[in-house]
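Report on the structure given below.
The values are calculated or read from the model by the stated rules, or taken from the named source; none is laboratory data. Because the structure is predicted, anything quoted here is derived from the model rather than measured. With ideal geometry, Cβ positions are generated from the backbone for all residues, glycine too; neighbour counts draw on all protein chains shown.
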C-alpha cells in the first residue's frame, strides 16, 4: 500500500474571456457629445459583452486612476498611450497688496490655500487620430 500525497492539487483559475473588436467595426459618429450610457452601449456592442461588464470595467478604471493620481500614488497616469494625466500642486499664497490694472487703485489680494489640480496632456498618438 502506498500513501497518497497530502499536497493539494493546484486549482486552475478560470480562463478570462477573450475580448476582441469585431472585424470591420466602425464607431458611429455623433453630432452631439455622447452620454456615458451611449459610450457604454457602443463598447458593449463592439465587443459582444454585456453592458454591466463594461460599466464595471469603467468603474474599476476610475478607481485605478484615482489611486495613481491620489496622495499615495505616483501622481501620473498614462491612458493607453493616448493621453497623460498628472497632478499639479500649487502652493499656498500669502495675502498681498497690489495695484488694480483697470482702475490704478491699490488693493489687497486675498490669501489662497494650497491646492492640487489634474492636468491632461494629449500624446502624439491622440493628435494623429484627430489630425
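Filter the range 79-103 for residues that are exposed (fewer than 10 other Cβ atoms within 10 Å of the Cβ) and within 20 Å of residue 66 (Cβ to Cβ); which is nearest to the chain's Cα centre (by Cα)? Of everything passing the filter in the range 79-103, 80 is nearest to the chain's Cα centre (by Cα). For the range 118-127, indicate whether the set of residues that are in a loop (DSSP other than H, G, I, E, B) and in contact with a helix residue (DSSP H, G or I) (Cβ under 7 Å, 6 or more places away or on another chain) is non-empty. No - not one qualifying residue is present in the range 118-127.
For the range 90-113, the condition of being under 22 Å from residue 40 (Cβ atoms), out of contact with any helix residue (DSSP H, G or I) (no Cβ under 7 Å at 6 or more places or on another chain) and part of a loop (DSSP other than H, G, I, E, B) holds for none of the residues. In the range 51-62, the count of residues that are touching a strand residue (DSSP E or B) at 6+ places or on another chain (Cβ under 6 Å), over 23 Å from residue 130 (Cα atoms), at pLDDT 90 or above and part of a helix (DSSP H, G or I) is zero. Cβ separations smaller than 7 Å between residues 6+ apart or across chains give the following pairs from the range 63-91 residues that are at positive phi and at pLDDT below 95 to residues that are outside any loop (DSSP other than H, G, I, E, B) and surrounded by 15 or more Cβ atoms within 10 Å (Cβ to Cβ): 75/69; 75/86; 75/87. Among the residues of the range 28-36, some residue qualifies, meaning at least one is assigned to a helix (DSSP H, G or I) and either under 30 Å from residue 88 (Cα atoms) or at pLDDT below 90 (or both).
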